[in-house]
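Before any comments, here is the structure.
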Amino acid sequence: MSVLVFIECADGKVKKSSLEAAFYGNQVATQLGTSAVGVAIGEVAADELKNLGQYGITKVLHDTEARLKDYVSQAYVKVVAAAAEKESASVIVLSNTNIGTGIGARLAARLQASYATNVVALPEISGETLKVKKTVFSGKAFADEVLTAATKIIALKKNAIEVAPTGSAEAGVEPFTTPLTDADFSGTPQETIRATGDVLLTEADIVVSGGRGLRGPENWHLIEDLAKALGAATACSKPVADVEWRPHHEHVGQTGITISPNLYIAVGISGAIQHLAGVNSSKVIVVINKDPEAPFFKAADYGIVGDVFEVVPKLIEAAKAL
Ligand code: FAD
């Protein structure tokens, strides 16, 4: 029996959300009196995988088959399922990302497992059952869910737990091969277009986001310059993507991407409920809006009532001076 952690990688590196999943998996393993093993797929530097030892992972199974270079749901699920079988995993931990939750759902069907998404805390263990705390209704409330099947799958929400690397031993990296057929790759993407920007939106610690208050794409340099000065990713509200001021992959909210950065700076965004649904689990929210009655101020930790064209240049100067 072990706890298996799916290690998501991008650009040859382990994603930050997977470091959290690794640390969480190790905590669960400790509760269960067992160890945490990782499974990584595709191109990633060996040192990145060894470094998972600092997060409590003892060993990483690494499947490097060439066809697995890009994410293909069915094939990835088969690899994780094979790793779970090899390690007799009773608990599988993934990040609550698009890829993580996609794999989790298929895996749950395949393994007849209990599956909880949006999990935000360590489980309470009682005999064969695990009780997990998760967010529901777009982060507006919490619910406890009891997982009873022999195999339990947990999708951990980003930024939900404090991670403290131990600095101890390296994880062992073990080559892992899974028998895959051509049919497993029937959903292979023909082309993968990289999101623009230096920092990946879903992984970013800081996000600077713009709304219709920016008046047009010609003013987006304000968002980009502030983001650059802070080492942040950029995002936008839905109407901004709808009118093509920004690409759709930057649109956050109920119908866009859900993010949980440490700092979310909303510039000229009203704070409609559908927008908040994607950002309300950010640790700190800063709102800049000229309308003191803008609904976003109710969700903000800090608010600046002012014109973005006056406030943001000053913030950029201040951030550059940090
Ligand atoms: P606006 O509502 O036009 O607000 C612009 C804000 O900028 C105002 O508060 C204004 O005071 C401020 N402003 C204007 N000029 C300045 C200035 N010079 N300086 C400072 N402030 C200024 N929206 C999303 O974002 N994400 C979603 O996923 C999403 N999903 C939706 C799903 C459904 C089913 C529906 C019906 C709607 C959805 N929406 C979503 C749309 C949402 O309801 C809002 O319409 C949208 O979020 C508003 O975008 P906005 O705040 O950029 O624009």
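Before moving on, here are some points about what is shown:
- Projecting the Cα atoms of PRO123, THR166, LEU147 onto the charge dipole of the range 21-169, computed from C-beta unit charges around the Cα centre, puts LEU147 farthest toward the positive end.
- Flagged links, alpha-carbon separation over 27 Å, of LYS134/LYS320; LYS15/LYS283; LYS16/LYS228: LYS134/LYS320
- Debye, to nearest 20: dipole size of the range 2-185, +1 on Lys, Arg Cβ, -1 on Asp, Glu Cβ: 500
- Each peptide in 241-248, 61-68, 209-216 receives the mean, over its residues, of other Cβ atoms within 10 Å, and ordering these scores from highest gives 209-216, 61-68, 241-248.
- Amide H contacts for VAL93 (H built 1.01 Å from N in the peptide plane; partners 5 or more residues away or on another chain; cut-off under 5 Å): LEU4, VAL5, PHE6, ILE154.
- Value of [θ]222 nm, deg cm²/dmol, for the chain, DSSP H segments ≥ 4, -39500 (n - 2.57) each, nearest 500: -8000 deg cm²/dmol
- Rounded to the nearest whole Hz, the Karplus-based 3J(HN,Hα) values (6.51 cos²θ - 1.76 cosθ + 1.60, θ = phi - 60°) of the range 255-263 follow the sequence 9, x, 8, 9, 10, 9, x, 6, 9, with x at glycine and proline.
- Averaged over its residues, the chain has an accessible area of 47 Å² per residue, based on protein heavy atoms and a 1.4 Å probe.
- Built amide H within the under 5 Å cut-off of VAL60, gap 5+: GLY38, GLY172, VAL173, GLU174
- Only one residue of PHE137, ILE41, ASN96 has its Cα farthest out toward the positive end of the dipole of the range 2-185, where Lys and Arg carry +1 and Asp and Glu -1 on Cβ, and that residue is PHE137.
- Whole-number D in µm² s⁻¹ for the chain, Kirkwood Cα-pair radius fed into Stokes-Einstein, 37 °C, 0.692 mPa s: 159
- Around the Cα centre of the chain, unit charges on the Cβ atoms of Lys, Arg, Asp and Glu (plus for the first two, minus for the last two) sum to a dipole of about 580 debye.
- Between the helical axis of 16-32 and the longest alpha-carbon principal axis of the chain there is an angle of about 40 degrees.
The values are calculated or read from the model by the stated rules, or taken from the named source; none is laboratory data. Everything quoted here is computed from the prediction, not taken from an experiment. Please note: Cβ atoms are built from the backbone with ideal geometry, for glycine as well, and neighbour counts cover all protein chains shown. Only protein heavy atoms, including side chains, enter the accessible area calculation; ligands, DNA and RNA are left aside. Shrake-Rupley method; radii C 1.70, N 1.55, O 1.52, S 1.80 Å.
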